[in-house]
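One structure is given here, and the rest of the page talks about it.
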Amino acid sequence: AGLWTVFTLGGVGSKPTPQLEQCSPLANQSLLLLLVLANLTDAPDTPNPYRQAIMSFKNTQDNTAFSSSNPHAFQINFNSLYTALCEQQKSDQATLLLYMLLHQNGNVRTYVLARTDIENLV
């Protein structure tokens, strides 16, 4: 539930107005925390679990079986994620999250490239 709050964002901009900041300060702070955690350097003996989770989550609407071999794997509705990211592209944080997802998660990249309404994102 906490991660979903990060993805739905609720109207935060890169330079938030006081009104927008009051609407969703938890979402804004959660997104910033997720970005920091996902970009921490890997330890020599253990990889970053937040980065592994970002790189491996799958679509809930995917027909293939969900493999739980990765302890950090989870599923999320990509349609809702895509809609939330399209609505929040005025935010630097949301744009950075989109960039990370497109470059590090092949499932998200495949989903976005298959969309027919990609102009909403661009």
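Scanning the stretch 54-101 for residues that are assigned to a helix (DSSP H, G or I) and farther than 13 Å from LEU35 by Cβ gives MET55, SER56, PHE78, ASN79, SER80, LEU81, TYR82, THR83, ALA84, LEU85, CYS86, GLU87.
Could you tell me whether the stretch 31-50 includes any residue that is touching a His at 6+ places or on another chain (Cβ under 9 Å) and either modelled with pLDDT of 90 or more or open to solvent by 30 Å² or more (accessible area, probe 1.4 Å) (or both)?
Yes, the stretch 31-50 has at least one match.
Note on the stretch 75-105: residues that are under 17 Å from ALA53 (Cβ atoms), of a type outside the set (A, V, I, L, M) and touching a residue at least 40 places away in the same chain (Cβ under 8 Å) amount to 2.
Determine whether the stretch 111-118 contains at least one residue that is at pLDDT below 90 and among the small types (Gly, Ala, Ser). Among the residues of the stretch 111-118, not one is at pLDDT below 90 and among the small types (Gly, Ala, Ser), which makes the answer no. Flag: PHE57 does not match the condition of being modelled with pLDDT under 80 and either closer than 27 Å to ASP117 by Cβ or open to solvent by less than 60 Å² (accessible area, probe 1.4 Å) (or both). Here the stretch 75-122 is the region considered, the condition is being closer than 21 Å to LEU26 by Cβ and hydroxyl-bearing (Ser, Thr, Tyr), and the residue that is least open to solvent (accessible area, probe 1.4 Å) is SER91.
The values are calculated or read from the model by the stated rules, or taken from the named source; none is laboratory data. For clarity, every value in this text was computed on a predicted model and none was experimentally measured. A quick note on method: Cβ atoms are made from the backbone with ideal geometry, for glycine too, and the neighbour counts reach across all protein chains shown. All accessible areas refer to the heavy atoms of the entire protein, side chains included, with ligands and DNA or RNA removed. Shrake-Rupley method; radii C 1.70, N 1.55, O 1.52, S 1.80 Å.
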